[in-house]
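Engineer: Okay, handing you the structure first.
The values are calculated or read from the model by the stated rules, or taken from the named source; none is laboratory data. None of these values were measured; they are calculated from a predicted model. So basically every Cβ, Gly included, is an ideal-geometry build from the backbone, and we count neighbours across all protein chains shown.
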Amino acid sequence: MKKLTYEDKVKIYLEKKDGKSLSYIAKKYQIGTDHIKYMIRLIDKHGYNILLQERTVSYPIQFKQEVIDRILINHESIREVAIDLGLPSHGIVNRWLKIYKENGYNIVEPKRRSTMNNKKKKNEETKDEKIKRLEIENTYLKAELEYSKKLRAVVQARKNQQQKKK
């Protein structure tokens, strides 16, 4: 599917309002008729300014919960809710619902991809943090060593008992 500019979207809207068919517009702009229908309803409801919205918006959990509740509790259609709220696509809501159901009807924030700078910052730890981390690791390793010594002793004791019984 072709990425449309603001001007393309306005032209599509005007062509549809002039009576051009959905299939003609879809072929001309190389997009699906479903996408055109959604965009026209969105512009009808919110005006041209809705097309200027940034596409990479991060929505808060509270907002997502309200959207999902409108669909699951109030039985509103996904498209109607998406258009009413001015979302760029009803596919966003479909994805939220899918993730919501997969996670036991809980909203879970997706993990953000970290950039190289963030990775460097995470790897750079202060001297105190490094000492604390190493102390915790050392304590863990000591406990693991003690456990394996005791396990070895128990296994040896069982072998000795079995040999005495023979």
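Engineer: For segment 58-74, which positions are over 17 Å from the mean Cα position of the chain (by Cα) and basic (Lys, Arg)?
Structural biologist: Once the filter is applied, which keeps residues that are over 17 Å from the mean Cα position of the chain (by Cα) and basic (Lys, Arg), segment 58-74 yields only Arg70.
Engineer: So which residues in segment 76-96 are part of a loop (DSSP other than H, G, I, E, B) and over 20 Å from Tyr6 (Cβ atoms)? Reasoning before the result, please.
Structural biologist: Kept after step one, since they are part of a loop (DSSP other than H, G, I, E, B), are these residues of segment 76-96: 76-77, 86-89.
Across segment 76-96, the qualifying residues are Glu76, Ser77.
Engineer: Let me ask another. With crowded, with 17+ Cβ neighbours inside 10 Å and within 15 Å of Arg79 (Cβ to Cβ) as the only criterion, which of Ile25, Ile40 stands out?
Structural biologist: The conditions single out Ile40.
Engineer: Further, regarding this structure: Quickly run through segment 8-46 and pick out the residues that are farther than 20 Å from Gly86 by Cβ and of a type in the set (Asp, Glu).
Structural biologist: Within segment 8-46, Glu15, Asp18 meet the criteria.
Engineer: Any residue that is exposed (fewer than 10 other Cβ atoms within 10 Å of the Cβ) and among the polar types (S, T, N, Q) - is there at least one of those in segment 127-147?
Structural biologist: No - not one qualifying residue is present in segment 127-147.
Engineer: Do you know which of the residues in segment 87-109 that are hydroxyl-bearing (Ser, Thr, Tyr) and in contact (Cβ under 8 Å) with a residue 12 or more places away in the chain is surrounded by the most Cβ atoms within 10 Å (Cβ to Cβ)?
Structural biologist: The extreme case among them is Tyr100.
Engineer: Another question, then. On the basis of being touching a Lys or Arg at 6+ places or on another chain (Cβ under 6 Å) and outside any helix (DSSP H, G or I), does Glu54 make the cut?
Structural biologist: No: the conditions fail for Glu54.
Engineer: Which residues, counting only those in segment 112-135, are of a type in the set (A, V, I, L, M, F, W, C) and at pLDDT 90 or above?
Structural biologist: Residues of segment 112-135 that are of a type in the set (A, V, I, L, M, F, W, C), as a first pass: 116, 131, 134.
Of everything in segment 112-135, those that are of a type in the set (A, V, I, L, M, F, W, C) and at pLDDT 90 or above turn out to be Ile131, Leu134.
Engineer: Let me ask something else about it. Identify the residue in segment 1-10 that is in contact (Cβ under 8 Å) with a residue 12 or more places away in the chain and in a helix (DSSP H, G or I) and, among all such residues, is surrounded by the fewest Cβ atoms within 10 Å (Cβ to Cβ).
Structural biologist: Filtering first and then ranking leaves Tyr6.
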